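Okay, structure first, notes after.
Read the figures in this text as sums done on the coordinates, not as results from a lab. All of these numbers come straight from a predicted model, not from anything done at the bench. We place every Cβ from the backbone using ideal geometry, glycine too, and count neighbours over all the protein chains shown.
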Amino acid sequence: MPPVGKPLFLTPEELAGALRVSPETVRRWLRTGEVAGQRVGRLWRVPWEEGVRLLGNEEKLLEALKGVRR
């Protein structure tokens, strides 16, 4: 569970910025199941825990998101 005040979900753009890949790469990973996510209408959302898994730990995710525009 994310810390208090943190989002439950990340957008593909936020995750892409944290991973330094393109948002389309993240969307492709979501479509193929390489990254866990949920569709909300036409939009994708990535659970916070999946971002933590991809970055290694929560501190790394928080640090990587500091430079990402929200």
Check your understanding: Taking the range 59-68, which residues are more than 12 Å from the chain's Cα centre (by Cα) and closer than 14 Å to Pro7 by Cα?
Key -> Lys66
**Study point:** Among the residues listed as Gly17, Gly41, the single one being closer than 13 Å to Leu65 by Cβ and not β-branched (Val, Ile, Thr)
**Key:** Gly17
Review point. Could you give every pair whose Cβ atoms fall below 7 Å, whose first residue belongs to the range 25-37 and is surrounded by 13 or more Cβ atoms within 10 Å (Cβ to Cβ), and whose second residue is among the small types (Gly, Ala, Ser), counting only separations of at least 6 or pairs across chains?
Key: Thr25/Ala16; Val26/Ala16; Leu30/Gly37
